[in-house]
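> Next up is a structure, given as structure tokens.
The values are calculated or read from the model by the stated rules, or taken from the named source; none is laboratory data. Note that the coordinates shown come from a computational prediction; the quantities given were computed from them, not determined experimentally. A quick note on method: Cβ atoms are made from the backbone with ideal geometry, for glycine too, and the neighbour counts reach across all protein chains shown.
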Number of protein chains: 2
Amino acid sequence: MQQQSSTQSAEPRTEAARRILEASKILFAERGYDGVSIRDIAEKARVSKANVFHHFGNKANLYEANLHDTAEKLITKLEVLRDTRHSVRDRIARFALLDLQEQLGDPHCVYLFLRQLITPQRTAQRRTAEQVVSDSLKNLLHLLEQLKADGELPTETDPLALTLAIIGANFMFFQLQGILAELGQDGNPVEPEAFIRSLMHLITPAVDNGHDAQRHLTR
Amino acid sequence: MQQQSSTQSAEPRTEAARRILEASKILFAERGYDGVSIRDIAEKARVSKANVFHHFGNKANLYEANLHDTAEKLITKLEVLRDTRHSVRDRIARFALLDLQEQLGDPHCVYLFLRQLITPQRTAQRRTAEQVVSDSLKNLLHLLEQLKADGELPTETDPLALTLAIIGANFMFFQLQGILAELGQDGNPVEPEAFIRSLMHLITPAVDNGHDAQRHLTR
DNA sequence: ACTCCGACTGATCGACCGGTCAGGATGTGG
DNA sequence: CCACATCCTGACCGGTCGATCAGTCGGAGT
């Protein structure tokens, strides 16, 4: 038996192993852990059922390997936000756009993580999922606090509420695409860039008239 | 055989049927459709396994009955928003607070609906779930457009983005309670009322200087 | 007393589940 | 040539799944 370790996932050893990982990722994201059988995965990956066990030991291990992969991917995303070449405002906008684009570009990762977050059992896997979300949240919160310290936010604005609003708006835009498309016939922003622009207006509406930092939310 | 109809769910006929419905609601919300067996439900409801089939026909029917129940519950919630006795601003604040409180008060309904929304299969059940969310969204969107027409929102504010921000922020507050509690030691708003107040500040920050009809949520 | 009906249960079914095992195919080092 | 390791498969196992069925029980109607 040559199964992968459970604590750390390495690269897939063969093409078949890679196909198994990819197929299981999609299926787990769509139907959840219990909704997918090893048969389904093997069939989608065009391998024998026993081969799945050969590479990943058991079902839980395969699921964990998927979570580990997506977690790594999402963590590396956060590194982009740390460069100080751009203004705080720009970094917030870039983070929001990057976050939204990545959700739209790889929905399976989102659903894989979301399914883990809504599980009441506090397993180690759920902890890691929470950790990723928590890091992302803290990062954005820190940027917003910085923005407020710079005087670019009204004093009565609560950075935490604003953080949750941005992250939540992104998720809702991602999740409700189908619904939005139906009622967006009158020219509402359905493109991510336009949506992020609208979202940034909510934070500091003085973005059109050329960076006027002291012009706050009037009226 | 005396199973309920599939298209419309009536009240549970016996105490046992009521217990089955309640037990299955919790289990389905926590573990999802495939994660729960009839055995689990029967055991939690303290009835025989065959009795579950007697009352609900099959597993899918039982699940559908749960969805129908929660959908009805959420739809009736929206009725509150239609009374014109309060100002538009108040109705938005009341809607947001009511929405958040209901999520916090009955998490199982939220998870039951969420699990349905993240299913890629476009079943009739998913349609109804989408319909409920869509109605709720349209309602809030309409109120915000009204608010903007009244001149209480900046002209560059996009009502749709604001709608998604409010709904999304509520959901994030609900979902990330555990994470928020950890980093909320420095006096951040962890109570729903305070959070909604902060959220309303984001919409119309001119709430402090004493408008006439906004006294309800400002302590 | 007799019938009928809905509530309810234990036993049981075939299907499918996750997982195992013996062994074939292929390559690699001695 | 042999020995060995890895990749991979078909056949198989015990257990659990959703669902069925025969039948018991108790109350209402006649």
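> Is it the case that A:R115 is assigned by TED's automatic domain parsing to the domain that holds A:F173, within 21 Å of the chain's Cα centre (by Cα) and within 16 Å of DNA strand C (Cβ to nearest atom)?
Spelling it out, A:R115 is indeed assigned by TED's automatic domain parsing to the domain that holds A:F173, within 21 Å of the chain's Cα centre (by Cα) and within 16 Å of DNA strand C (Cβ to nearest atom).
> Can you find even one residue in the stretch B:60-82 that is assigned by TED's automatic domain parsing to the domain that holds B:L153, not in a helix (DSSP H, G or I) and not aromatic (F, W, Y)?
no
> Considering only the stretch A:121-176, state which residues are farther than 28 Å from B:P120 by Cβ, within 21 Å of the chain's Cα centre (by Cα), buried (at least 20 other Cβ atoms within 10 Å of the Cβ) and at the interface with chain B (Cβ under 7 Å from one of its Cβ atoms).
A:L160, A:A161, A:L162
> Residues to consider are B:H54, B:H108, B:H86; find the one that is assigned to a helix (DSSP H, G or I), in contact (Cβ under 8 Å) with a residue 60 or more places away in the chain and surrounded by fewer than 20 Cβ atoms within 10 Å (Cβ to Cβ). I'd like the intermediate steps shown before the answer.
Details: B:H54 fails: in contact (Cβ under 8 Å) with a residue 60 or more places away in the chain; B:H86 fails: assigned to a helix (DSSP H, G or I).
Exactly one residue qualifies, and that residue is B:H108.
> Quick one: count up the residues across the stretch B:24-33 that are small (G, A, S) and within 14 Å of chain A (Cβ to nearest Cβ).
2
> Let me ask something additional. Let me spell it out: the conditions are (1) within 13 Å of DNA strand C (Cβ to nearest atom); (2) crowded, with 20+ Cβ neighbours inside 10 Å, and B:T14 meets all of them except one. Which number is the exception?
(2)
> Would you mind listing the helices (runs of 4 or more DSSP H) fully within the stretch A:112-195 where at least 2 residues are more than 24 Å from B:L104 (Cα to Cα) and in contact (Cβ under 8 Å) with a residue 60 or more places away in the chain? Spell out how you get there, then give the answer.
Values: elements: A:124-149, A:159-175, A:177-183.
The helices (runs of 4 or more DSSP H) meeting that bar are A:124-149.
Let's see how each residue does on (1) within 14 Å of chain A (Cβ to nearest Cβ); (2) away from DNA strand D (no atom under 15 Å from the Cβ); (3) modelled with pLDDT under 95:
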{"residue": "B:Q8", "(1), (2), (3)": "no, yes, yes"}
{"residue": "B:E11", "(1), (2), (3)": "no, yes, yes"}
{"residue": "B:G35", "(1), (2), (3)": "yes, no, no"}
{"residue": "B:K44", "(1), (2), (3)": "no, no, no"}
{"residue": "B:V47", "(1), (2), (3)": "no, no, no"}
{"residue": "B:V52", "(1), (2), (3)": "no, no, no"}
{"residue": "B:N61", "(1), (2), (3)": "no, no, no"}
{"residue": "B:H68", "(1), (2), (3)": "no, yes, yes"}
{"residue": "B:I75", "(1), (2), (3)": "no, yes, yes"}
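> Right, B:L21: away from every other protein chain (no Cβ under 14 Å) and more than 16 Å from DNA strand D (Cβ to nearest atom) or not?
Against the criterion (away from every other protein chain (no Cβ under 14 Å) and more than 16 Å from DNA strand D (Cβ to nearest atom)), B:L21 does not qualify.
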